[in-house]
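Undergrad: What follows is a structure written as structure tokens; I'll ask about it next.
Readers should treat all values here as calculations from the given coordinates under stated rules, not as data from a laboratory. In this text the structure is predicted, and so the values were computed from the model without any measurement. With ideal geometry, Cβ positions are generated from the backbone for all residues, glycine too; neighbour counts draw on all protein chains shown.
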Amino acid sequence: MTKPPWGRVPVRVRPILATAAVSVLVGGVLAGTGAANAVDPPHRVANPYVGAQVYVNPEWADRAAAEPGGDAVAGQPTAVWLDRIATIEGDDERMGLRGHLDAAVAQDADLVQLTLYDLPARDCGRRSPQGELSIGDLARYQAEFIDPIVEILAAPDYADLRIVAFVEPNSLPDLVVNTGNRYWATPACDEALARGTYQHGTGYALARLGTLPNVYSYLDISHHAEVGWPEDSGPLTALLLEAATTAGSTVADVHGFVANTANYSVLHEEYFRADDVINGQPVYQSRWVDWNPFIDEVPYVRHLRGELTEAGFSPDAGVVIDTSRNGWGGPNRPTGPATSGDLNRYVDGSRIDRRAGVGNWCNQAGAGLGQRPVAEPEPGIDAYVWVKPPGESDGTSGTPNTGQPYEPLCDPNYLPPRGSAYDTGAMPAAPPLGEWFPAHFRQLLTNAWPPL
């Protein structure tokens with residue numbers, strides 16, 4: 001059966017929060033069935049994206065459509081981020097969870113994507129983006145964040161919606177790469193690992209969500225440029241299994257895995273291979289690749305999925321990849337392999353991913369929209385999805401000692417305490433995490449690949 005991409009919604013929407021009436025977009029459709037009959041009990045499907053009409057967040061759509069050229073993508077489905085306790089109920093400015101679910105029902109959508117992102121000491125305690133819960137607030141996380149979400153999702157009005165939950169992105173990968181003697185290690189991350197805070201919080205979320213037959217939980221597996229090395233992917237696999245079997249959870253509560261969440265790694269490097277050899281030097285010895293066996297996302301996720309199933313996860317577990325900002329089109333996109341006989345020049349001239357450093361993640365200059373959301377784009381992949389809503393900031397681009405929350409990789413002028421200057425690739429004048437960043441969104445439109 002042909003599975004076309006989700007179509008764009010041609011009409012802007014402004015949610016009317018004061019009444020039950022909601023102005024709706026006609027959601028993008030994947031060929032297949034509509035919502036199940038209300039009298040039928042919800043049933044599990046192997047891939048929740050197949051045949052689904054996926055919810056378009058009217059708040060994001062409205063902001064996107066207000067930008068020049070934004071109408072071209074304003075109808076694409078994006079995930080709703082619940083990153084504070086207050087986002088569950090919402091306020092006069094933003095819709096709460098019930099508002100989004102009601103809007104999905106009004107759109108005749110079949111599937112809603114949620115990102116749960118509020119673990120205690122989230123993101124290893126960094127100030128930007130800073131979480132609201134301290135390391136000792138696990139009980140609050142369970143009672144005030146996870147339990148209310150599950151209670152709302154369990155309402156009969158939403159029983160026919162497939163709920164895809166991306167559970168606490170970045171958290172378990174952080175425990176691998178930001179602990180011990182790693183360069184970016186933090187005391188909060190070491191403490192979270194020692195206490196088991198992330199494992200217990202994630203396990204509790206999985207267990208509670210697993211009580212709902214229409215919820216499909218996906219665990220974050222980061223991306224190839226963070227945990228692609230064998231010394232990282234092995235510990236990550238162990239942590240994922242620990243979290244999935246902690247606090248009442250079992251591996252049956254994990255439907256699949258999500259990769260490249262809010263990141264910029266390309267699906268496929270088209271013009272060079274990890275096993276290329278240039279003048280007797282293998283590509284993996286280049287500065288860019290840095291001994292990583294993976295240079296792009298799809299081979300990485302297929303490999304790690306195999307490792308996870310061998311470790312005990314279901315062989316039917318699927319993978320989705322966030323393609324919201326990994327297009328890297330525009331004038332700097334290469335059109336073929338470089339001809340240089342110098343290893344580093346060959347790699348730098350051939351690679352589609354144009355980041356100055358492969359680990360850069362904050363408001364990247366030159367990035368573009370990636371593949372539009374679509375189900376089953378290639379074997380072994382449940383869907384390409386837009387987990388990170390394009391145009392929402394990754395973090396404030398302030399400098400130290402300005403009184404603002406500071407994240408070095410969001411600072412365009414970052415100077416490391418040791419070593420030479422480091423090019424973060426971050427755009428200037430970025431607002432705080434999650435706020436609308438028009439300059440970044442317009443750049444994403446300009447550099448979209450495939451082009452709009």
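Undergrad: May I ask you to compute the full-extension gain from Glu378 to Tyr183, defined as 0.36 nm times their residue separation minus their alpha-carbon distance, rounded to one decimal in nm?
TA: Result for the pair: 66.6 nm of gain on full extension.
Undergrad: Could you bin all the Cα-Cα distances of region 151-225 into 10 Å bins starting at 0 and give me the percent of pairs in each, rounded to whole numbers?
TA: 18, 39, 25, 14, 3
Undergrad: What ranking do 416-426, 181-191, 221-231 get when scored by the average of other Cβ atoms within 10 Å per residue, highest first?
TA: The packing order, highest mean first, is 221-231, 181-191, 416-426.
Undergrad: Scale the Cα Rg of region 216-333 by the rule-of-thumb value 2.2 N^0.38 Å and send over the ratio, two decimals.
TA: 1.16
Undergrad: Could you work out how far apart the two model spin labels at Glu132 and Asp316 are, taking each label as a point 7 Å from the Cα in the direction of the beta carbon, and quote it in nm?
TA: 3.7 nm
Undergrad: Let me ask something additional. Under 5 Å between amide hydrogens, which residues at least 5 positions from Arg162 or on another chain qualify, with H placed 1.01 Å from N in the peptide plane?
TA: Excluding prolines and chain starts, which carry no amide H, the hits are Leu111, Val112.
Undergrad: I'd like the Karplus ³J(HN,Hα) series for region 89-103: coefficients 6.51, -1.76, 1.60, θ = phi - 60°, whole numbers in Hz, and an x wherever there's a Gly or Pro.
TA: Once θ is set to phi - 60°, the couplings for region 89-103 become 8, x, 8, 5, 8, 10, 5, x, 4, 4, x, 5, 5, 5, 5 Hz.
Undergrad: With angles folded into 0 to 90 degrees, how steeply does helix 197-209 sit against the dominant principal axis of the chain? Use alpha carbons for both and round to 10.
TA: 40 degrees
Undergrad: At a Förster distance of 30 Å, what's the computed FRET efficiency of Ala46 paired with Thr211, Cβ-Cβ distance as r, to 0.05? Walk me through the numbers on the way to the answer.
TA: Values: r = 20 Å, r/R0 = 0.68.
FRET efficiency, Ala46 to Thr211: 0.90.
Undergrad: To the nearest 20 debye, what is the magnitude of the charge dipole of region 186-269 about its Cα centre, counting +1 on the Cβ of each Lys and Arg and -1 on the Cβ of each Asp and Glu?
TA: 380 debye
Undergrad: Measure off 7 Å from each Cα along the Cα-to-Cβ vector at Arg140 and Asn401, then give the distance between these two points in nanometres to one decimal.
TA: A separation of 3.2 nm, rounded to one decimal place.
Undergrad: Rounded to the nearest 500, what is the chain's calculated 222 nm mean residue ellipticity when only DSSP H runs of at least 4 contribute -39500 (n - 2.57) each, over all residues?
TA: The per-residue figure over the chain is -7000 deg cm²/dmol.
Undergrad: Identify which of the listed values of Cα Rg over 2.2 N^0.38 Å was calculated from the structure shown: [x] 1.21; [y] 0.94; [z] 0.98.
TA: Read-out from the structure maps to [y].
Undergrad: When the chain is fully extended, how far beyond the present Cα-Cα distance does Arg442 get from Asp275, taking 0.36 nm per residue of separation?
TA: 56.5 nm
Undergrad: Which one, Ala86, Gly96, Val54, projects farthest toward the positive side of the charge dipole computed for region 35-115 from Cβ point charges (K/R +1, D/E -1)?
TA: Val54
Undergrad: What percentage of all Cα-Cα pairs in region 275-391 are separated by more than 19 Å?
TA: Values: 3881 of 6786 pairs.
Above the 19 Å cut-off, region 275-391 has 57 percent of its Cα pairs.
Undergrad: Per 0.36 nm of contour for each residue apart, how much would the distance between Asp147 and Thr339 grow if the chain were fully extended, relative to their Cα-Cα spacing?
TA: 63.4 nm
Undergrad: Out of residues 5 or more away from Val80 or on other chains, whose amide H comes under 5 Å of its own, with H placed 1.01 Å from N in the peptide plane?
TA: Gln113, Leu114, Thr115
Undergrad: Further, regarding this structure: For the peptides 367-377, 236-246, what is the packing order when you average, over each peptide's residues, the other Cβ atoms within 10 Å and list the highest mean first?
TA: Going from most to least packed, we get 367-377, 236-246.
Undergrad: Report, to the nearest 10°, how far helix 297-311 tilts away from the longest principal axis of the Cα atoms in the chain, using its own Cα long axis and a range of 0 to 90°.
TA: 70 degrees
Undergrad: At what distance in nm do the modelled label points of Asp91 and Asp108 sit from each other, each positioned 7 Å from its Cα along Cα→Cβ?
TA: Placing both labels 7 Å along Cα→Cβ, they lie 3.6 nm apart.
Undergrad: Tell me, what ³J(HN,Hα) does each residue in region 153-161 have, in order and in whole Hz, if you take phi through Karplus 6.51 cos²θ - 1.76 cosθ + 1.60 with θ = phi - 60° and put x for Gly and Pro?
TA: Computed from phi, the couplings for region 153-161 are 5, 7, 4, x, 4, 10, 5, 8, 8 Hz.
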